[in-house]
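Every read-out reported here was derived from the displayed coordinates using simple, explicitly stated rules and does not represent laboratory data. Just so we're clear, the structure is a prediction, and the values are computed from it rather than from any experiment. When we count neighbours, we look across all protein chains shown, and the Cβ atoms used for this are built from the backbone with ideal geometry, even at glycine.
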Amino acid sequence: MVTPAAVVATPAQPKWNELSFQQQSILVPLASDWNQMENYRRKKWLGIAQRFATMSPADQKRVQAQMYEWAKLTPQQRQAARERYQTVTQLPPEKKQELKEKWEVYVNLPEEEKRKLQEQAASVAAAKSRHAAPAGTLPAIPPKTSKPADAAAVSAGETSSPAIIAPEQAPHP
């Protein structure tokens, strides 16, 4: 989580029309939101744009696709994604590995099975929102089980594109 002091300490970042043509072409999915972004978020995206040329073509395609998906999210969905990311970064290494393994199981499922799991996750998220936890609480990490369907619990509340990343999650070459 970024503290208010860290936000204040971030120097002003360029407006959209001040970006180079290359930066604009890489960050085009974010064009409509760029001038309203906080400086520290612009700085993170500019770092991604700077590393973009050193990425493999497959990574470049993936990052751009994720930017388009990120740009489609509502501010509430973006905040939820950031909170989930923060929760995962605080897990011990063995729990992170467990989560990674569950994700691999999910990624390798047939599309029809993924769709069913996403529908289940959406209904779980809707039920949870009716019985919302107090403000400031983080989502729980599900217990380890051997059933592939538990991948839905991991992605509960996710959008239809589970590959969405926050700028702070972007790949580093």
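Maximal additional length on extending the K72-Q86 stretch stands at 3.0 nm, based on 0.36 nm per residue less the C-alpha distance. For the residue pairs K43/K72; K44/K72; K102/K128; K61/K116, the C-alpha atoms sit more than 25 angstrom apart in K61/K116. For the range 3-98, GluC sites (Glu not before Pro) meeting the loop criterion (DSSP other than H, G, I, E, B) and having at most 10 other Cβ atoms within 10 Å: none.
When peptides 72-81, 46-55 are ranked by their average number of other Cβ atoms within 10 Å per residue, the highest-first order is 46-55, 72-81.
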